[in-house]
Amino acid sequence: MPPAGTNGWIIIGDGDVCPPRLPAPMAHWDEVDPNYVLTFTYRDPDFRIVPPVIMQGTILPKRIVSESDMPAPPKLWHEEQPSRGGGTFNSSLRLITY
């Protein structure tokens, strides 16, 4: 069980936490020597649902966005007027009936 307030576990491996030398991560790179970095593994916490809650004592700011700030709903494709500079009319499409 993790201590209160944490969201995962730090796992120390079987070897040295700060090995004096680390192997190169890529074949053509040099080894990391001397090494000053601690090595460990972080394990994510078990899945849980954390509901969003406004904490007690929180002062919410005044709302500044209103309905008039929202953009007008877009026109549907069949409501647009075809024109030279825009619209979605495609003159190459033809209705073929038999």
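Say whether the condition of being assigned to a loop (DSSP other than H, G, I, E, B), without any contact (Cβ under 8 Å) to a residue 60 or more places away in the chain and basic (Lys, Arg) is met by at least one residue in segment 41-48. Yes: one or more hits.
Could you check, for segment 62-72, whether at least one of its residues is in a loop (DSSP other than H, G, I, E, B), out of contact with any strand residue (DSSP E or B) (no Cβ under 9 Å at 6 or more places or on another chain), exposed (fewer than 10 other Cβ atoms within 10 Å of the Cβ) and among the acidic types (Asp, Glu)? There is no residue in segment 62-72 that is in a loop (DSSP other than H, G, I, E, B), out of contact with any strand residue (DSSP E or B) (no Cβ under 9 Å at 6 or more places or on another chain), exposed (fewer than 10 other Cβ atoms within 10 Å of the Cβ) and among the acidic types (Asp, Glu).
Throughout, read-outs are computed from the coordinates displayed, never taken from laboratory work. Quick caveat: nothing in here was measured; it's all calculated off a predicted structure. Here the Cβ is made from the backbone with ideal geometry for all residues, glycine too, and neighbour counts use every protein chain on show.
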